């Protein structure tokens with residue numbers, strides 16, 4: 001069975017859902033394909049700077065997320081070897097918040113029309129068909145689309161089809177997380 005869609009986005013992570021919501025706000029329907037059977041909502045958090053909040057405002061969800069995340073006024077640079085923090089860096093003039101990925105994904109998904117995300121839709125191959133792209137899914141479905149947007153992560157089938165190089169380790173890493181302590185607590 002072949003289904004025709006104008007815009008197909010592969011991947012229902014932050015990039016895929018935000019792209020779909022931006023298109024939706026402009027009146028352009030898209031279909032988001034997700035290989036898993038539900039949104040991959042993990043519990044980590046990440047730091048969002050002023051430009052990220054401007055982007056969230058542009059798709060209409062910034063204000064609702066602000067109310068659920070604390071503004072970070074500064075960062076303390078510390079060491080396990082020192083009794084006192086080494087220094088404090090102020091974020092004055094910038095909107096910095098630790099954003100929970102789960103809340104961001106849930107908010108994005110709720111703002112989309114109910115038939116936008118198609119779960120259990122793993123793309124196994126892509127081929128050209130004139131002005132169209134034909135996406136072959138693992139369940140045998142074939143999607144024909146005018147516009148294909150790849151938001152499918154580090155092992156992207158879309159990037160592979162486009163001939164991009166495989167990802168390489170750059171030596172950079174990040175530690176992400178947040179803690180919410182209710183009441184006073186001694187951290188020794």
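The values are calculated or read from the model by the stated rules, or taken from the named source; none is laboratory data. Quick caveat, the model's predicted, so the values are computed rather than measured. Cβ coordinates were reconstructed from backbone atoms using ideal geometry, including for glycine residues, and neighbour counts include every protein chain displayed.
Can you tell me which of 48, 19 is touching a strand residue (DSSP E or B) at 6+ places or on another chain (Cβ under 6 Å) and under 14 Å from residue 103 (Cβ atoms)?
It is 48.
So which residues in region 60-89 are touching a strand residue (DSSP E or B) at 6+ places or on another chain (Cβ under 9 Å), exposed (fewer than 14 other Cβ atoms within 10 Å of the Cβ) and modelled with pLDDT of 85 or more, if there are any at all?
Correct list: 68 only.
Kindly check whether there is at least one residue in region 161-176 that is farther than 30 Å from residue 70 by Cα, touching a strand residue (DSSP E or B) at 6+ places or on another chain (Cβ under 8 Å), modelled with pLDDT under 95 and outside any helix (DSSP H, G or I).
No.
Of the residues that make up region 128-143, is at least one in contact with a helix residue (DSSP H, G or I) (Cβ under 8 Å, 6 or more places away or on another chain), at pLDDT 95 or above, buried (at least 17 other Cβ atoms within 10 Å of the Cβ) and within 14 Å of residue 11 (Cβ to Cβ)?
For region 128-143, residues in contact with a helix residue (DSSP H, G or I) (Cβ under 8 Å, 6 or more places away or on another chain), at pLDDT 95 or above, buried (at least 17 other Cβ atoms within 10 Å of the Cβ) and within 14 Å of residue 11 (Cβ to Cβ): absent.
Within region 30-59, can you find the residues that are under 11 Å from residue 18 (Cβ atoms) and surrounded by fewer than 15 Cβ atoms within 10 Å (Cβ to Cβ)?
55, 58
May I ask you to verify whether residue 55 is within 27 Å of residue 156 (Cβ to Cβ) and without any contact (Cβ under 8 Å) to a residue 40 or more places away in the chain?
Yes; evaluated as a whole, the condition is true for this residue.
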